[in-house]
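Inspection log for the structure reproduced underneath, given as structure tokens.
The values are calculated or read from the model by the stated rules, or taken from the named source; none is laboratory data. Please read these numbers as outputs of a predicted model, since none were measured by experiment. All Cβ positions, even for glycine, are placed from backbone atoms using ideal geometry, and neighbour counts span all protein chains on display.
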Amino acid sequence: MKRVLICLALAGCGAAPAPDTPATLRDPAAPVGAQMDVTADRLHGEWRIVEGAGVPPGASVSIAPGCIVIAGDSSDLVEVAPGRFSADGAPLWVHWLDADARTVAMGDPGGGRVFVLDRTGAPGERLIAAREILDWYGYDLAALRGS
């Protein structure tokens with residue numbers, strides 16, 4: 001009887017089930033890269049999220065030296081390398097920025113969030129180009145929500 005009680009007690013000491021982890025927004029087997037001619041200066045200013053996942057669609061975004069504010073939530077922004085930033089320690093890469101710096105596709109290469117920003121909120125055909133780049137880099141376009 002004593003052995004049965006010990007076995008039952010030890011059975012209750014097993015590992016707890018792993019918590020549900022959020023699904024990634026990007027296929028880790030897909031190639032990924034950052035646009036090398038992008039600097040913090042080119043991103044400086046006011047933007048609107050026209051599509052995104054892991055961020056509120058339609059929200060305003062402000063980028064200033066050392067800071068990004070998304071829907072009122074401020075984060076330290078550090079330029080790690082051309083086109084590669086860190087927002088409060090989380091990677092944030094510029095996957096595509098049009099030549100006139102009007103529309104940008106950004107994301108976490110680990111798949112935590114992805115979004116398309118536009119300075120006017122109406123990117124037109126540039127949204128198609130941004131989505132094609134995000135698709136190439138393995139992001140789940142079905143997860144994107146528009147404003």
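Here are the numbers:
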| quantity | calculated |
| --- | --- |
| Index of the failed condition, residue 106 passing every other in (1) surrounded by fewer than 15 Cβ atoms within 10 Å (Cβ to Cβ); (2) part of a strand (DSSP E or B); (3) of a type outside the set (Phe, Trp, Tyr) | (1) |
| Selected residue (only one of 108, 88, 118 is within 21 Å of residue 71 (Cα to Cα) and touching a Gly at 6+ places or on another chain (Cβ under 8 Å)) | 108 |
| Close pairs from region 35-64: first aromatic (Phe, Trp, Tyr), partner in a strand (DSSP E or B) and loosely packed, with under 15 Cβ neighbours inside 10 Å, Cβ under 8 Å, at least 6 apart | 47/62 |
| Among residues of region 86-97, those that are in a loop (DSSP other than H, G, I, E, B) and either at pLDDT below 95 or crowded, with 21+ Cβ neighbours inside 10 Å (or both), counted | 0 |
| Residue 123 being out of contact with any helix residue (DSSP H, G or I) (no Cβ under 6 Å at 6 or more places or on another chain), surrounded by 21 or more Cβ atoms within 10 Å (Cβ to Cβ) and part of a loop (DSSP other than H, G, I, E, B) | yes |
| Region 119-131 residues that are more than 13 Å from residue 48 (Cβ to Cβ), paired with ones that are of a type outside the set (S, T, N, Q) and part of a helix (DSSP H, G or I) (beta carbon under 7 Å, 6 or more apart) | 131/141 |
| Given (1) surrounded by fewer than 18 Cβ atoms within 10 Å (Cβ to Cβ); (2) assigned to a strand (DSSP E or B), index of the condition residue 100 fails | (2) |
| Residues of region 106-147 satisfying the condition of being acidic (Asp, Glu) and either at pLDDT below 95 or touching a strand residue (DSSP E or B) at 6+ places or on another chain (Cβ under 8 Å) (or both) | 108, 118, 140 |
| Total residues in region 132-147, condition without any contact (Cβ under 8 Å) to a residue 40 or more places away in the chain and of a type outside the set (Val, Ile, Thr) | 5 |
| Residue, farthest from the chain's Cα centre (by Cα), within region 27-74, restricted to residues that are in a helix (DSSP H, G or I) and surrounded by 12 or more Cβ atoms within 10 Å (Cβ to Cβ) | 42 |
| Residue match in region 53-63 (condition: more than 19 Å from residue 127 (Cα to Cα) and touching a strand residue (DSSP E or B) at 6+ places or on another chain (Cβ under 7 Å)) | yes |
